[in-house]
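> Pasting a structure below so you can have a look.
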């Protein structure tokens, strides 16, 4: 589904990714862990198409298409979703308005009919219930006045509504308490643990992986993947730290 080969990327002339290669197949969940400054968020932004992150070498294909030739909205319509470490606030725009327009914009891009107001509200209610988010929250401005946990749950509701084929989740566990972590983890499983879908989880900690068990765990260091293993690799990192595990 996603194939990254020898990816080099820089921001403001400084190279961050230095030959990263990774392949994620449908039905798989991969986790990327690594020390601060390793390039984890840079990878997420490059995949999402954030301006200012320049690819200087290598390739990324998504469902056989050149991802780097696609604009961010085209990537989204093709089935890619990027979850942010710090979801942004959008004053003056309600969640319902934002999410309905986002979904219908993607549907139009794919040549599909937009959902009516009633159809959308039914879908939104279903996905909000999955993440235990009160529908009243969806009537409020996007993330304005939300706690950290509410912002992350709101973002997972967005993911459920958009129903992507591939999700890149950048430190989704950041700022979550124990209860919110469980709800978000279960939401990720319900939405993305499907044979035709795949996900890339970027995280510092094992705790999210207790709920969303990865098929593969990769250690990213100095812009490259230096070690790959199964779910036990994350537990070893939690116990022993990066230096000891990478030296083994």
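> For segment 131-235, which fully contained strands (runs of 3 or more DSSP E) count at least 1 residues that are crowded, with 22+ Cβ neighbours inside 10 Å and touching a residue at least 60 places away in the same chain (Cβ under 8 Å)?
166-170, 198-202, 216-221
A quick yes/no check of all residues on (1) surrounded by fewer than 19 Cβ atoms within 10 Å (Cβ to Cβ); (2) more than 29 Å from residue 206 (Cα to Cα):
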position: 6; (1), (2): yes, no
position: 35; (1), (2): yes, no
position: 47; (1), (2): no, no
position: 55; (1), (2): yes, yes
position: 71; (1), (2): yes, yes
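> Only one of (1) farther than 19 Å from residue 172 by Cβ; (2) under 20 Å from the mean Cα position of the chain (by Cα) is not met by residue 157, so which one is it?
Against the list (1) farther than 19 Å from residue 172 by Cβ; (2) under 20 Å from the mean Cα position of the chain (by Cα), residue 157 comes up short only on (1).
> Please verify whether residue 114 is modelled with pLDDT under 90, surrounded by 14 or more Cβ atoms within 10 Å (Cβ to Cβ), out of contact with any strand residue (DSSP E or B) (no Cβ under 6 Å at 6 or more places or on another chain) and not in a helix (DSSP H, G or I), treating the condition exactly as stated.
no
The rows are residues; the columns are (1) more than 16 Å from the chain's Cα centre (by Cα); (2) within 28 Å of residue 9 (Cβ to Cβ).
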site	(1), (2)
32	no, yes
78	no, yes
88	no, yes
106	yes, yes
115	yes, no
135	yes, no
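> Restricted to segment 136-158, and to residues that are touching a helix residue (DSSP H, G or I) at 6+ places or on another chain (Cβ under 7 Å) and closer than 20 Å to residue 210 by Cβ, which residue is modelled with the highest pLDDT?
In this case the residue turns out to be 156.
The values are calculated or read from the model by the stated rules, or taken from the named source; none is laboratory data. All values reported here derive from a predicted model rather than from experimental measurement. Note that we place each Cβ from the backbone using ideal geometry, even for glycine, and neighbour counts take in every protein chain shown.
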